[in-house]
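Notes for the one structure printed next.
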Amino acid sequence: MSSSINLEEDKYNLIFPEVLANPYPTYRRILLEEPVYWSDFLGGWYLMRYQDVAAAMQDKRMSAKRPPISKLPELEQQNIFPLLETLSKWMLFCDPPEHTRLRGLFNKAFTPSIISSMAEKIQALVDELIDGVYERGNIDILHDLAYPMPAIVIAQMLGANDEDREQFKKWSSDLARFFGMFRMNTEILTSAKNSILEMKEYFRIILEERRCQPQDDLISNLIFAQEKENSLDDEEIISNCVFLTFAGHETTTNLIANGLLALLENPSQMQLLKDKPSLITTAVEEFLRYDSPVQRQARIAVTDLEIGGKKISQGQRVFLVIGAANRDPEQFLNPDKLDITRPENPHLAFGKGTHFCLGASLGRLEAQISIKTVIKRLGSLRLNTNQIEWHENPSLRGMKSMPVAFNP
Ligand code: HEM
């Protein structure tokens, strides 16, 4: 993080490391004092209320086409042009009708029957990763399980080689740092640009190979759709494969680790899940709500509009703070309490409306299998550190590592 940042410029200190480590008390303060909050320093409006965030996610006056970072000097914009150009093709950053066309083609790989047919493979992978560390009596939940499992699954779906996962990890964390960047930082920008160029080259080679020799994977299916419907160009396929690689694990990794941490910090809930493993479905929904892996998403107002009595001008950036909305007492009873049996849980952790997470069923399945298996096989699980370190990233919430011990 750049040392030139004056952290005091933001009234609520939203990007102070100690606030990022536990943002929820600060979210509550803003929710009570100024639920539609403008921060000059952070370059946008912050929506904290559940109703406002849910409405904004479905509001056609809010465009998903946003520069990933505001206030970038012209020279830097030119330097990272290849990065910005690739991002502009991600479905996440497109509005209809481009969005509808892209999403429609990728949708075919994420049907409920395709996802549920992956359960056995995911279970075998989780068991294999745990087997690899079992005798040791300790595991780093992030490095040994929650990172590699979803990275392998998405690599296999795309037709990439899962042995390249260390490479994926570097590319992906460079992108995560870029999305969490809140002020100009040339080193972060350059690494993200280089990583995206390398990823594109990687997928370009696979695309050429599959064009000559199709296989049973997503890229081969997209080439088929491209030839049949002439509705997708190579750049769009490659850019969205880069996106899926990133979206497919950076979030699921944190869902698994944040969920297990929530259980370790709430022993009665851990015991309940041990006694009744069938609660895993509602438990994962609660982890998504309680400590959301994606804390905020941005939009750009395409016209002047008003939210909660505040005037938002055309072109201004609006942050939809999912992490705050999911703890809004107007929507959730005892929002700060972890309740794995919570009967009504319409959380916004996967978004809502047009951009609702394409991989939601896959992410849910991966988290359910991983958490259930960890609890079953490593029953005496306990944290092996007094100090949890969080990534200093206001968008993607995750720990740097999560060492735990257990009795084999
Ligand atoms: C399990 C944890 C996950 C969480 C919390 C999560 C969260 C989200 C959120 C909040 C959005 C909406 C963004 C917006 O409204 O601007 C989103 C979109 C998306 N996610 Fe996920 N995601 C997860 C897993 C996955 C997985 C496993 C995949 C793919 C394999 C995936 C692929 C996508 C895609 C493609 C979009 C863009 C959809 C669109 O723009 O139409 N996600 N995700």
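Quick notes on this one:
- Considering only Val284, Val318, Val19, the mean-square fluctuation computed in a Gaussian network model of the chain, springs between alpha carbons under 10 angstrom, is largest for Val19.
- Size of charge dipole - the chain - debye, nearest 20, with Cβ of Lys, Arg +1 and Asp, Glu -1, no other charges: 860 debye
- Student exercise, segment 66-140 dipole from Lys, Arg, Asp, Glu Cβ charges, in Debye to nearest 20: 460 debye
- Extreme residue, positive dipole direction of the chain, given options Phe319, Ile369, Pro150 (C-beta unit charges): Phe319
- Neighbour net charge for Arg382 - beta-carbon separation under 14 angstrom, K R +1, D E -1: -1
- Residue among Phe332, Phe93, Phe224 with the largest mean-square fluctuation in a Gaussian network model of the chain, springs linking Cα atoms under 10 Å: Phe224
- When both bridge partners sit in the chain, DSSP labels roughly 85% of those beta bridges antiparallel.
- Surrounding net charge for Tyr37, when Lys and Arg each add one and Asp and Glu each subtract one, Cβ distance under 9 Å: 0
- Using the Cβ of Asp140 as centre and a radius below 14 Å, the other residues enclosed give a net charge of +2, where K and R count +1 and D and E count -1.
Since every read-out is calculated from the coordinates, none of them should be taken as a lab result. In this text the structure is predicted, and so the values were computed from the model without any measurement. No Cβ is skipped: glycine too gets one built from the backbone with ideal geometry, and neighbour counts run over all protein chains shown.
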